[in-house]
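Rule-based calculations on the coordinates, nothing more; no lab input. Given the structure is predicted, the values throughout are model-derived calculations rather than measurements. Neighbour counts are summed over all protein chains in view; Cβ atoms, including those assigned to glycine, are modelled from backbone coordinates with ideal geometry.
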Amino acid sequence: MNQEFSTQLNPALILPDVRASRTSAGLRFTGIVLAGSALVAIGAHLALPLYFTPVPLSMAPFAVLVVGLLLSPRLAASTLAAYLIEGAMGLPVFSPSPAIPGYAHLIGPTGGYLLSYPLAAALIAWLLGRSRQSIGPKFLSGFARAVFSATLGSLVILASGATWLAVLTHATGQSIVNLAVLPFLPGDALKIVAAAALSAGWTRHRRSA
């Protein structure tokens, strides 16, 4: 009995387990961040240039919504921060349209959208977590909570992108709305619904597993 007790309190025996646990958690964190940033990069390359606006139609915002809905706020923000760092370093993770160097995307016409990704993903994750705690499953379905959270995150992306484009181009408010907001509303609505459905399905799967 005394030997077992002393073994449990012996720092020399406990520390290796703690270090191994921290290493495992760190590797898991890094793996999730890299996988999430790769998902956003794939979405960014699924882009369609639009002749009337410098902002392409891209699946990157959908990936951002998914990351926000599936991860914690800290993981979601870290994932999108890593994505921006990868792009700024020259890795081909940003949309090929417009055809400019990686770092130039952050100060170009799409810079406002890109720079809002970490905040939007963290906000989505935080809102979803808070809604689960305060509202509960009886009053609002998982799908509805995900739609609400993703909608607010999507609005942050649109507002940031439109504001940056206005600063960059000095265009009128109506022109900015026509260039940076209205063309993307139908597609964003579909992305919100699809991301929310994916999140709700994943949550049900985890509960039944």
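Quick notes on this structure:
- With 0.36 nm allotted per residue and the present C-alpha distance subtracted, the Ser175-Ala194 stretch has 3.9 nm of extension available.
- Rel. contact order, % - alpha carbon contacts under 8 angstrom, at least six apart, the chain: 22 percent
- Cβ-derived FRET efficiency at R0 22 Å, Arg74 paired with Ala159, nearest 0.05: 0.40
- What the Cβ-Cβ distance of Phe143 and Leu185 gives, at R0 = 25 Å and to the nearest 0.05, is a FRET efficiency of 0.75.
- For q = 0.10, 0.17 Å⁻¹, Debye-computed log10 I/I(0) when each Cα of the chain counts as one equal scatterer: -0.50, -1.11
- Along the stretch 51-58 the Karplus relation, 6.51 cos²θ - 1.76 cosθ + 1.60 evaluated at θ = phi - 60°, assigns HN-Hα couplings of 5, 9, 8, x, 9, x, 7, 10 Hz to successive residues, with x for each Gly and Pro.
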